[in-house]
1. Among the residues of segment A:201-229, write down those that are within 14 Å of another protein chain (Cβ to nearest Cβ), in contact with a Phe, Trp or Tyr (Cβ under 9 Å, 6 or more places away or on another chain) and either under 12 Å from A:VAL169 (Cβ atoms) or exposed (fewer than 15 other Cβ atoms within 10 Å of the Cβ) (or both).
2. Please count how many residues of segment B:109-124 are assigned to a loop (DSSP other than H, G, I, E, B) and either open to solvent by less than 10 Å² (accessible area, probe 1.4 Å) or of a type in the set (S, T, N, Q) (or both).
3. Which pairs have Cβ atoms under 8 Å, sit 6 or more apart or on different chains, and link a residue in segment B:147-163 that is within 14 Å of chain A (Cβ to nearest Cβ) and without any contact (Cβ under 8 Å) to a residue 60 or more places away in the chain to one that is in a loop (DSSP other than H, G, I, E, B) and surrounded by fewer than 16 Cβ atoms within 10 Å (Cβ to Cβ)?
4. So which of A:THR173, A:THR124, A:THR105 is in a loop (DSSP other than H, G, I, E, B) and at the interface with chain B (Cβ under 10 Å from one of its Cβ atoms)?
5. Where in segment B:16-102 are the strands (runs of 3 or more DSSP E), entirely inside, with at least 2 residues that are in contact with a strand residue (DSSP E or B) (Cβ under 9 Å, 6 or more places away or on another chain) and open to solvent by 50 Å² or more (accessible area, probe 1.4 Å)?
6. Within segment A:21-48, take every residue that is in a loop (DSSP other than H, G, I, E, B) and aliphatic (A, V, I, L, M) and give me the one that is farthest from the other protein chains (Cβ to nearest Cβ).
7. Check off (1) touching a residue at least 40 places away in the same chain (Cβ under 8 Å); (2) closer than 25 Å to A:CYS57 by Cβ; (3) not β-branched (Val, Ile, Thr) for A:ALA115 and give me the number that stays unchecked.
Amino acid sequence: MAGFNKVVHSYEDAMAGLQDGMTVIAGGFGLCGIPEGLIAQIKKMGTTDLTVVSNNCGVDGFGLGVLLEDRQIKKMVASYVGENALFEKQLLSGELEVELTPQGTLAEKMRAGGAGIPAFFTATGYGTPVAEGKETREINGRNYVLEEAITGDFAIVRAWKADRYGNLVFRHTSMNFNPMAATAGKITVAEVEEIVEPGELEPSQIHTPGIYVQRVIKGNFEKRIERRMVRKD
Amino acid sequence: MALSREQVAMRVAQELKDGYYVNLGIGIPTLVANYVPAGIEVMLQSENGLLGMGPYPTEAELDADMINAGKETVTAIKGAAIFSSAESFAMIRGGHVDLTVLGAFEVDQNGNIASWMIPGKLVKGMGGAMDLVAGALNIVVTMTHADKYGNSKLLNDCTLPLTGVGCVKKIVTDLAVLEVRDGAFHLLERAPGISVEEIQQKTAGKLIVNGDIPEMVFN
């Protein structure tokens with residue numbers, strides 16, 4: 001009875017099938033909630049010509065930034081990429097293509113992709129460079145831009161807890177893009193802090209139902225903080 | 001004298017109303033949280049997926065999984081909610097956030113805003129700014145009235161690529177408070193000691209000055 005046992009025990013198995021030229025959607029916001037071990041595995045595999053869809057592209061030497069080191073990313077779809085010197089260098093030299101997408105539109109593109117909605121109209125970006133070349137329409141006196149959904153060959157996400165059915169619960173704001181990314185992959189791999197027994201996750205408290213998740217692996221996370229701010233009390 | 005960053009934030013804070021859901025951008029807008037008027041309660045929305053953002057954590061509270069839209073470690077207040085980025089932008093785009101405060105490079109008399117891209121310089125991205133300006137019911141822009149060379153940032157038409165069209169309602173600069181409507185900037189208040197003439201001289205777009213313009217009042 002292995003039907004619903006989605007737990008894999010090696011990163012090789014977790015990312016098996018990833019090939020050159022594929023599209024990978026990655027959850028995370030900055031360095032918060034990123035699937036660190038799955039990114040490291042892509043680096044190890046050396047897969048190239050990847051299109052990576054994620055809000056940001058990590059920093060130099062950590063997160064998705066490590067995939068720039070061996071030029072594995074051909075195209076990056078993101079809303080903000082300012083944290084990364086290597087990114088800047090490859091962008092200016094023309095080695096790296098970038099599609100800047102407003103953050104909410106990016107989240108909705110993933111959500112729509114997972115939900116079988118091929119495109120949607122949004123007011124975001126109307127009259128700006130983002131709308132160039134896209135269909136626009138006036139609806140009830142307001143102008144909207146048609147934005148197409150995104151799906152990936154792989155989606156890689158980080159969750160707090162999972163069970164072997166692939167049900168996921170996220171922790172605090174590390175949720176961010178992870179639930180939408182999880183719905184939008186043909187193969188969705190969740191790297192999690194803890195794997196619990198079926199039934200331990202309260203059904204009504206599950207953020208991502210297991211139907212969206214193909215593989216689960218227990219990871220160890222550094223959880224690097226990008227901007228450490230503390231107050232003195 | 002021109003207002004300090006803190007004074008601009010203090011003046012913006014006077015726009016807050018009890019029960020408001022508010023999104024504060026990076027920079028001066030972030031400081032607004034320090035000047036919420038006594039006796040009113042507002043909820044701060046952080047677009048990565050947090051409603052009810054609290055202050056920075058103590059050492060003991062520090063948690064890598066708890067950050068704001070500026071990627072800084074934060075806390076959540078009692079009564080906060082945490083959700084996905086899609087949910088977060090649903091509430092922004094859907095007009096559920098009462099007030100957005102953000103910075104800009106340029107604003108024009110038709111309420112257009114340019115805040116994310118300077119051609120020829122490295123473009124880092126718009127983040128959530130385009131969604132915020134398209135979605136909020138009420139947008140206040142904080143900026144210096146003119147750049148360091150004295151060139152006005154309040155224009156007839158924005159020269160830089162836009163973040164949003166026809167969305168800015170109010171501007172708080174280091175010199176003045178202005179409302180944007182009917183294709184013009186309407187001068188509402190002056191910074192203490194700043195003359196109407198100086199504001200006129202530093203406003204390139206159409207400026208309407210109606211009657212005596214009061215000075216801003218700080219408590």
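1. Of everything in segment A:201-229, those that are within 14 Å of another protein chain (Cβ to nearest Cβ), in contact with a Phe, Trp or Tyr (Cβ under 9 Å, 6 or more places away or on another chain) and either under 12 Å from A:VAL169 (Cβ atoms) or exposed (fewer than 15 other Cβ atoms within 10 Å of the Cβ) (or both) turn out to be A:HIS207, A:THR208, A:PRO209, A:GLU222.
2. Step one: of segment B:109-124, the residues assigned to a loop (DSSP other than H, G, I, E, B) are B:109-112, B:115-124.
The next check asks that each one be either open to solvent by less than 10 Å² (accessible area, probe 1.4 Å) or of a type in the set (S, T, N, Q) (or both); those that pass are B:109-112, B:115.
Number satisfying all stated conditions: 5.
3. Note: pairs meeting the criteria are B:LEU160/B:ILE118; B:LEU160/B:PRO119; B:PRO161/B:PRO119.
4. On the way: A:THR173 fails: in a loop (DSSP other than H, G, I, E, B); A:THR105 fails: in a loop (DSSP other than H, G, I, E, B).
After ruling out the rest, the residue left standing is A:THR124.
5. Values: elements: B:21-24, B:43-46, B:50-53, B:76-82.
By residue number, B:76-82.
6. Going through segment A:21-48, the residues in a loop (DSSP other than H, G, I, E, B) turn out to be A:21-22, A:27-28, A:30-31, A:33-35, A:46-48.
Filter again for aliphatic (A, V, I, L, M), leaving A:22, A:31, A:34.
Details: A:MET22: 23, A:LEU31: 8, A:ILE34: 11 Å.
Out of the qualifying residues, it is A:MET22.
7. Condition (2) is where A:ALA115 drops out.
Yes or no, residue by residue, for (1) crowded, with 24+ Cβ neighbours inside 10 Å; (2) more than 29 Å from A:ILE211 (Cα to Cα); (3) at pLDDT 95 or above:
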site	(1), (2), (3)
A:THR51	no, no, yes
A:ALA85	no, yes, no
A:LYS89	no, yes, no
A:GLU99	no, yes, yes
A:LYS109	yes, no, yes
A:ALA112	no, no, yes
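The values are calculated or read from the model by the stated rules, or taken from the named source; none is laboratory data. Every value quoted in this text rests on a predicted model; they were computed, and no experiment measured them. As a convention, Cβ positions derive from the backbone with ideal geometry for all residues, glycine included, and neighbour counts pool all protein chains shown. Surface areas here come from the heavy atoms of the whole protein model, side chains and all, with no ligands, DNA or RNA. Shrake-Rupley method; radii C 1.70, N 1.55, O 1.52, S 1.80 Å.
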